[in-house]
1. Restricting things to alpha carbons, tell me how big segment 220-351 is in terms of Rg and Dmax, in Å.
2. Please work out how much length the chain gains when fully extended from residue 83 to residue 344, using 0.36 nm per residue of separation minus the C-alpha to C-alpha distance, in nm with one decimal.
3. Report, largest value first, the span of the C-alpha coordinates of segment 216-287 along each principal axis, in whole Å.
4. Place a point 7 Å from Cα of residue 234 in the direction of its Cβ. Which residues in segment 316-352 have their backbone N less than 14 Å from it?
5. Once you sort the root eigenvalues of the Cα gyration tensor of the chain as a ≥ b ≥ c, which label holds: rounded (a/c under 1.5), prolate (a/b larger than b/c) or oblate (the other case)?
6. List the aspartates and glutamates whose Cα sits under 17 Å from the Cα of residue 98, skipping any in the same chain fewer than 8 residues away.
7. Label residue 147 and residue 275 with points 7 Å out from Cα along Cα→Cβ: what is the distance between them in nm?
8. ³J(HN,Hα) across segment 308-325 via Karplus (A = 6.51, B = -1.76, C = 1.60, θ = phi - 60°), whole Hz, x for Gly/Pro?
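No value in this document is a laboratory result; all are computed from the given coordinates. Everything numeric in this text was worked out from a predicted model, so none of it was measured. Every residue, glycine among them, receives a Cβ derived from its backbone with ideal geometry; neighbour counts consider all protein chains shown.
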Amino acid sequence: MASCKKESTNKTNNTVTTPAVPIATLGLYEVQSSIYRRVYIGVAVGTSKTVFYSVFDTGSSAMTLQADSTFIPKSMFNDNGFIIPNDSLNVNGITITKQTATLAYGDNTSGTKEFGNLAYAKVTIGDENGSVTTKRIPFFLYYKAIDTQTGKALDPHENDVFGVGPYNKFQNLSIASPLSYFDLPANVTQGFKLSKFVQTSYSGNGTYVRDLLTIGLVPDDLSSKSGFVMHPLTLTTSGYSPNLPASITYGGKTIQGLLLFDTGTPAFSNIEDPTAAANTTTLPNNSVVTITTNSGFSYTYTVVNTQAASHNLTQIEKPSFTGDTRTIFSIDFFNDNQFLLDYTNHKIGLKN
């Protein structure tokens with residue numbers, strides 16, 4: 001009689017691997033006023049449905065939002081601060097603590113200050129074009145912002161900042177990038193990447209450009225085949241520094257410096273040169289600048305400074321004048337290059 005066929009005891013156990021998928025891919029708004037360019041992202045906090053548009057800023061590492069009567073009753077704050085009768089104030093899904101701080105942006109030549117408190121809430125990132133919501137995270141809720149040169153108050157929400165840089169303490173506030181608080185699926189790393197901004201899409205009313213921001217990094221992003229040149233970040237007493245050592249060449253002169261790539265700088269790139277002849281000099285049209293990082297990323301650009309167009313505007317400054325030793329490359333850098341920040345492994349990736 002024919003026997004029954006039995007399964008082989010050497011059968012291979014095939015494991016199905018779920019592909020790694022980013023948390024979300026969102027668009028940003030590209031806005032231009034005169035020579036100034038910015039990118040904005042929608043933000044809503046707590047149970048409020050009101051969306052505010054914040055500057056997307058790779059040069060800082062915390063979300064700041066001005067108190068507004070649409071989500072904090074006006075009776076609970078004024079120009080002197082929040083009115084917190086007990087240990088904290090809870091309203092519309094937002095907890096405002098008694099921990100106060102003053103955050104400063106800019107340098108000796110121009111800047112702003114925000115006055116406010118540490119707060120906690122769920123944050124919805126994006127708007128009707130696409131969004132994702134965090135768990136309850138810390139952010140800085142400010143009740144007043146001023147221009148440090150004039151002392152005048154800024155318009156409401158004029159200085160809202162969506163800071164996505166590596167963790168770096170603001171005073172004693174332990175607030176990291178809002179993009180670093182997600183619970184991640186398998187094989188996804190805390191971080192984000194930016195596609196090239198679209199140079200022709202900046203407009204006065206703002207143009208929504210899809211798929212510029214990817215939240216969560218998958219193995220292909222971090223692979224050596226991705227094309228990103230990875231830069232390990234230096235740990236300091238306040239956190240991981242986003243400033244990358246590099247050589248900078250302009251006008252036939254090469255200097256060494258620390259580079260910050262900053263979407264929050266809206267017009268001029270600022271090369272800090274201690275040997276500069278003047279406190280501030282603007283490079284003329286058709287000037288060529290080359291940067292080469294110590295990790296091997298290289299980029300060359302040409303200054304366009306004409307009546308018809310302005311791109312890559314660049315100033316040479318003395319750090320003794322600005323009070324800042326960092327060379328800061330503006331938003332125009334992101335029109336030509338891709339940017340990646342790995343929060344878990346503390347690296348910045350740059351790609352031509």
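1. 15.1, 46
2. Fully extending the segment from residue 83 to residue 344 adds 90.2 nm.
3. 46, 34, 24
4. The answer is 325-327, whose backbone nitrogens lie closer than 14 Å to the label point.
5. The shape class here is oblate.
6. Counting by Cα, and skipping residues close in sequence, residue 98 has these aspartates and glutamates nearby: 79, 87, 114.
7. A separation of 3.7 nm, rounded to one decimal place.
8. These are the phi-based 3J(HN,Hα) values: 7, 7, 9, 9, 6, 4, 9, 10, 9, 10, 8, x, 5, 8, 7, x, 9, 8 Hz.
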